[in-house]
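J.: The structure follows.
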Amino acid sequence: MEELPASLLVEIMSRLTDTTDVARCRAVSKGLNAASYEVRWLNLVCSMSRYLKSRSPETKHLVTPFKTVFSHLVCRSTSTLDSVSLGVDRALGGVSFDDVEDESDDLYLTDMSFIREWLPSISHALKSFSVSDFWVQSCWRRSEALSLISSTCHNLVKLVVRNAWLSVDGLCLMPTLRHLTLEFVRLDDEDLSRINACFPNLTQLSLIGVGGLKEPKINFLHLTTCQWSVSNAPLSLVICAPCLVDFDLRCIKPKLVVLEAPSLSNFNLSLENTDELRLKNCANIQCLQLSVECLSLGFLFTMFRHCSTVKRLTLDLVGRRKQVDAAVFGIDTLLGCFPNITYLSLGPGAWHVMENSFRRGGLADGIGMKMIKQLIAHLVVHEVEGTLAFISSVLDKSTQLSDVSLLIHRDVDSYVAGGLISSCRSKFPRVRWRWGIWKEGIKDTWVSDGT
């Protein structure tokens, strides 16, 4: 090991992903010890084990404070750091206020005084910065970390902040920032105006469980990918992004949703009721995933009536059982709304509504029925003959449908499931059948690959 070139040792060390592992390598050889300080990244996580030891009366005097360890690592690094990540283990998210008896700040990682100790010395070269705070200590302490980061890190490209209460006071323009993730954050920017103004060149944005929003607006000219999971019930959501291609939106009962994204191609929408959904210049969607309440189904399809470019549709319906049972919306109507679909995936709620609608009135012919080529369905078999009749009618009218994958609920009797499978295979030998099992909260299991 000592005979290897120093540059190669640095390359070996740089391929590790945890600073703790890098530290362990220092004991192996003098070469690795020297190389460890040349690594251009720093990634340190406070584990649950370390946290418990720091709280135990028997061991806490043996544990060096986490902030101290991190600050020393920054100071001892002889290289130019371009990536820094610090945080607490995700398991610490389960620690409640009842488990904490004092007002400690040893793991309050967005603490301005702590960050000010080391960030200015490495900020000039920093390209990526990630901090995952300890919510029990950070949720009631308002941090101005964004102000410090934006005023010192002039070359930052990626910023990730989790589990913190963030102020936007003093937030400065960051023209180099391209990727922003805020996760489980209380943000003092109720309409996102400061975020829009100070991060104008974002291309990727992820807002997961960001609280404090009332009428948020996303307005980024260069944004191409966005994931937005809204934790509260805002009055409205407005998204204006001319270059947006991939958008994942999950929200609960907003009064108004406005989306203007002419380049949008992949749209995943999970929506629990809304008074109004406006789609402006969204005529290029090709892959659409919808998880909506039954009561909103017809309303939503009316909103998507101009999206004739949709080729792949994934649909599930949620709501109380009475709502699902009462819904009347057939697969023929669905394919009439999206006449160019070649791929259709139906969740258990959607399949139930479609099968019930068929039992009440059969299926009508339509151009949409002629286009579909692949069908995936999650179903619960209550009565084999009725389910088989529905499947048969779909296949009779969908002349190009040649690939069908059925996932049957795990609690369905194996004799009933076997009878359905056997009947489908014998009646439609031209179809490539694939079989599997599904259950709530468990990953789908495929039994047959269709070969």
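The values are calculated or read from the model by the stated rules, or taken from the named source; none is laboratory data. The shown structure was predicted, so the numbers you read here are calculated from the model rather than taken from an experiment. Glycine also receives a Cβ, built like all others from the backbone with ideal geometry; neighbour counts cover every protein chain displayed. Ligands, DNA and RNA are excluded from the accessible area calculation, which covers all protein heavy atoms including side chains. Shrake-Rupley method; radii C 1.70, N 1.55, O 1.52, S 1.80 Å.
J.: Grab the Cα-Cα distance for D169 and S448, subtract it from 0.36 nm times how many residues apart they are, and report the gain in nm with one decimal. Intermediate values should be presented prior to the final figure.
T.: Details: separation 279, 0.36 × 279 = 100.44 nm, distance 5.74 nm.
Full extension from D169 to S448 adds 94.7 nm.
J.: Please work out the average accessible area per residue across the stretch 343-390, using the 1.4 Å probe convention, and give it in Å². Show your work: numbers first, answer last.
T.: Details: 1840 Å² over 48 residues.
Value returned for the stretch 343-390: 38 Å² of accessible area per residue.
J.: Would you check the accessible area of L395, probe 1.4 Å, heavy atoms only, in square angstrom rounded to 10?
T.: Solvent-accessible area, nearest 10 Å²: 10 Å².
J.: Extension gain A197-K370, at 0.36 nm per residue separation less the Cα-Cα distance, in nm?
T.: Details: separation 173, 0.36 × 173 = 62.28 nm, distance 4.83 nm.
Stretched out fully, the A197 to K370 stretch lengthens by 57.5 nm.
J.: If the convex hull of the alpha-carbon atoms of the stretch 196-266 is projected onto planes in all directions, what is the mean projected area in square nanometres? All intermediate terms of the calculation are to be shown ahead of the outcome.
T.: Working: hull surface 16.8 nm².
Average of the hull's projected areas for the stretch 196-266 equals 4.2 nm².
J.: Ratio of the stretch 363-451's C-alpha Rg to 2.2 N^0.38 Å, to two decimals?
T.: Values: Rg = 13.0 Å, N = 89, 2.2 N^0.38 = 12.1 Å.
The value comes to 1.07.
J.: Put a dot 7 Å past each Cα toward the Cβ at D188 and E103; how far apart are the dots in nm?
T.: Inter-label distance under the simple model: 1.8 nm.
J.: Can you tell me the FRET efficiency between T309 and V380 if r is taken as the Cβ-Cβ distance and R0 is 51 Å, rounded to the nearest 0.05? Could you put the intermediate results ahead of the total?
T.: Values: r = 33 Å, r/R0 = 0.64.
That gives a FRET efficiency of 0.95.
J.: Give the carbon-plus-sulfur fraction of the accessible surface of the stretch 355-409 in %, rounded to a whole number; probe 1.4 Å, heavy atoms of protein chains only.
T.: Details: 1150 of 2170 Å².
Looking at the stretch 355-409 in its full context, I get 53 percent from C and S.
J.: Follow-up. When ligands, DNA and RNA are left out and all protein chains stay put, how many square angstrom of accessible area per residue does the stretch 59-188 have with a 1.4 Å probe?
T.: On the way: 5830 Å² over 130 residues.
Accessible surface, normalised per residue, equals 45 Å².
J.: Going Cα to Cα from K370, which lysines come in below 30 Å? Please leave out same-chain ones fewer than 8 positions away.
T.: Correct list for K370: K280, K311, K397, K427.
J.: Let me ask another. Based on Cα positions only, what radius of gyration and what Dmax would you give for the stretch 160-299, in angstroms?
T.: According to the Cα coordinates of the stretch 160-299, Rg and Dmax are 14.5, 46 Å.
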